[in-house]
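Undergrad: Pasting a structure here, questions to come.
The numbers here are math on the coordinates, done by the rules we state, and not lab data. These numbers were taken from a predicted model, which means no experiment stands behind them. Here Cβ is always computed from backbone atoms with ideal geometry, including for glycine, and neighbour counts include all displayed protein chains.
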Amino acid sequence: MTIHQLSIFIENRSGTLIKVLDALKEANIQIIASTIADTAEYGIYRLICSEPLRACEELKNANVAVALSGVFAIEIDDQPGRAAEAVKAFSEAGISITYMYSFLLRGKGILIFRTDDNEKAAAVIRDNHLKSIDENDLSALA
Amino acid sequence: MRDSTNLNTKTEMIWNPNKECMSRDEMSELQGKRLRKIVEYVYHNVPFYRNKLQEMDIRPDDIQTIEDIRNLPFTTKKDLRDNYPFGLQAAPQSEIIRVHASSGTTGNPTIVGYTRKDIGVWSECMARCLTAYGVTREDIFSVAYGYGLFTGGLGAHYGVEHLGASVIPAGTGNTEKHLKLIRDLGITGIACTPSYALYLAETMDKLGIRKEDIKLRIGAFGAEPWTENMRKEIEERLGLKGYNIYGLSEVMGPSVSYECQMQHGSHINEDHFFPEIINPTTLEPLPNGQTGELVFTTLTKEGMPVLRYRTRDLCSLLPGTCDCGRTNVRMGRIEGRSDDMLIIRGINVFPSQVESVVLSMPEFAPRYMLIVDRVNNLDTLQVQVEIRQEFFTGVFDTPAAVDQLEKKLAAKLKSVLSISAKVQLKAPNTIERSQGKSAHVIDKRKL
Ligand SMILES: [Zn+2]
């Protein structure tokens, strides 16, 4: 049920992010959403994009420290309180969310998150009739 | 010249049991006797040493036993350069039959002249090394060190001839032709640098020659630092057993020390080259087992003898009779160069220590940088390492996971260095590849 997220190690130096973005542009990869978790010296750049497997190989060839992580993507109506409802469902099931970010795509709210227990999280998504979306859906929307 | 009075199974692979298996008392006595002679010799034949000894108020008579060596002055690479070209030569030019020169990266090369007797001693020491590796008169042995001013080629060549094996003076030139000879002649032994051995392996792959097609069984590798991993790789790819050989042209050339079948340190030909380990800062001798700077005194050399020559190589000495039967002292692996020593918060730190830790963790590339600074009167050490692409996996999608990896390295560094270092993780291929050790250090403490 998870989709591929690229996790990229970038140093807090000018030019490091540009290098990654240039490599993606060169490979004709479309960035759908991204966020950076940063510390004083480096950041982890998280990226949802088209063709994540190919993007990962292209970045490796460009000497970028990149890995694929499995994250959930659920679609929520773009209305107040919808994200809170979703998160509540997971916390009630005792699942902790390691990180989460969201974005709008064609008027739809997309919530991306990673949990400490993917199996349980998948069950919660089914039981609560949350709308999980896969990579094909995402590409279609993008 | 070979002594065969003491032959048993153990001594079959010992060229000169009389010297290599001498009792410690006899060895000390021999060394003392030879030291007295060499000090007397340089006092009368080398103005540089006469002046130094007179300045220190030492007369040759003051040197009686090998322990008295501690009173003698040191010789450095700079002394050799300052006295370029023949200032430290003790024998008259008419007695010199060969001259080698070591390449200096800056300034003048070091010129070393050898008398006929010196070449004889060198060949003898070389034959001891080769015999320890298992080379016999039946072997066809290829010397693939550079022939010429460098001591490697001719030094090994004369040793192989002295032992009586067939020498193939291959040099480092035409590698494909060399490989053809290795295969067609059934060459069984080779002396070369470890990196040339790997190059041979690569060329074999290129030519489609398999290790089953060749008969190499013994490799004598030296003249540059190498690791156990390199040894394994060379042995695996060439199908031979690799042995360390150590030497330096200022002292003689290759054959100063050699590994035996036990491969637990390299035996020093200490009846000719007396070793000491000193603290490079205080110059005080260190007890056996401790790591410090290796110092050699040539006990028999005529052409250019040296007293207490500081090699800048860091290692320790392992005394005691070896399982191979030899009693001559062993030296451990070269752990670094004393030029590279940093004093951080009063503790001696060598970049090579950091290197060994970094190399032990597969998560990091074998590149690193030490950045030393002084903040609020306190020295700080930062170690930069590159994460290896293959080890950057999906678990590293949070800073917490990266921090954990940094902490793991920091803990290992602390246990090896005895001071704490701040680890900074870098992206792959962002630390400059460098040759010399000193290029791994940025010391910002210019006070
Ligand atoms: Zn031994």
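Undergrad: Expressed as an acute angle from 0 to 90° and rounded to the nearest 10, what is the orientation of the C-alpha long axis of helix A:82-92 relative to the principal long axis of chain A?
TA: The helix A:82-92 is inclined about 80 degrees to chain A.
Undergrad: Could you sort out which of B:Lys180/B:Lys206; A:Lys19/A:Lys108; A:Lys60/B:Lys414; B:Lys232/B:Lys414; A:Lys60/A:Lys131 sit more than 22 Å apart by Cα distance in this structure?
TA: A:Lys19/A:Lys108; A:Lys60/B:Lys414; B:Lys232/B:Lys414; A:Lys60/A:Lys131
Undergrad: With all distinct Cα pairs included, what does the Kirkwood hydrodynamic radius of segment B:4-339 come out to in Å, to one decimal, could you say?
TA: This gives a value of 20.5 Å.
Undergrad: Let me ask something else about it. Give me the extension gain from B:Glu212 to B:Met361: residue separation times 0.36 nm, minus the current Cα-Cα distance, reported in nm with one decimal.
TA: Value of the extension gain: 50.3 nm.
Undergrad: Dividing the Cα radius of gyration by the Kirkwood radius, what Rg/Rh value follows for segment B:344-443? Walk me through the intermediate numbers first.
TA: On the way: Rg = 13.4 Å, Rh = 14.0 Å.
Rg/Rh for segment B:344-443 comes to 0.96.
Undergrad: When the convex hull of the Cα atoms of segment B:328-381 is projected onto a plane and the area is averaged over all directions, what value comes out in nm²?
TA: Quarter of the Cα hull surface area: 5.5 nm².
Undergrad: Dividing the Cα convex hull volume of segment A:71-141 by residue count, how many Å³ per residue is that?
TA: 79
Undergrad: Please give, to one decimal in nm, the separation of the simple spin-label points placed at B:Thr321 and A:Asn136, each 7 Å out from Cα toward the Cβ.
TA: For B:Thr321 paired with A:Asn136, the spin-label model returns 7.9 nm.
Undergrad: Taking square-rooted eigenvalues a ≥ b ≥ c of the alpha carbon gyration tensor, is segment B:257-397 rounded, prolate or oblate, where a/c under 1.5 means rounded and, failing that, a/b exceeding b/c means prolate?
TA: Cα axes put segment B:257-397 in the oblate bin.
Undergrad: Using only Cα atoms, tell me the angle between helix A:16-26 and the longest principal axis of chain A; keep it within 0 to 90° and round to the nearest 10.
TA: 90
Undergrad: Could you work out the equivalent-ellipsoid semi-axes for segment A:2-70, taking the square root of 5 times each eigenvalue of the Cα gyration tensor, largest first, in whole Å? Present the calculation step by step, with values, prior to reporting the outcome.
TA: Values: eigenvalues 63, 39, 20 Å².
Equivalent ellipsoid semi-axes, largest first: 18, 14, 10 Å.
Undergrad: Enter the per residue convex hull volume of segment B:215-289, computed from alpha-carbon coordinates, in Å³ rounded to the nearest integer. If you can, show how the numbers build up before the last one.
TA: Numbers: hull volume 9.8 nm³, N = 75.
Normalising the Cα hull of segment B:215-289 by residue number yields 130 Å³.
Undergrad: When only Cα pairs under 8 Å and 6 or more residues apart are kept, what is the percent relative contact order across chain B?
TA: Relative contact order comes out at 12 percent.
Undergrad: How many nm separate the modelled label positions at B:Thr76 and B:His264, each set 7 Å beyond the Cα in the direction of the Cβ?
TA: So the label points at B:Thr76 and B:His264 sit 3.7 nm apart.
Undergrad: Let me ask another. Label point 7 Å out from B:Arg59 along Cα-to-Cβ: which residues of segment B:24-51 have amide N under 20 Å?
TA: Counting backbone N atoms under 20 Å from the label point, the list is B:33, B:35-51.
Undergrad: Turning to a different aspect of this structure: Can you compute the modelled spin-label distance between B:Glu176 and A:Asp116, with each label point 7 Å from Cα toward Cβ, in nm?
TA: Simple spin-label model gives 6.2 nm for this pair.
Undergrad: When the convex hull of the C-alpha atoms of the protein assembly as shown is computed, what volume per residue in Å³ does it have?
TA: Each residue corresponds to 210 Å³ of Cα convex hull volume.
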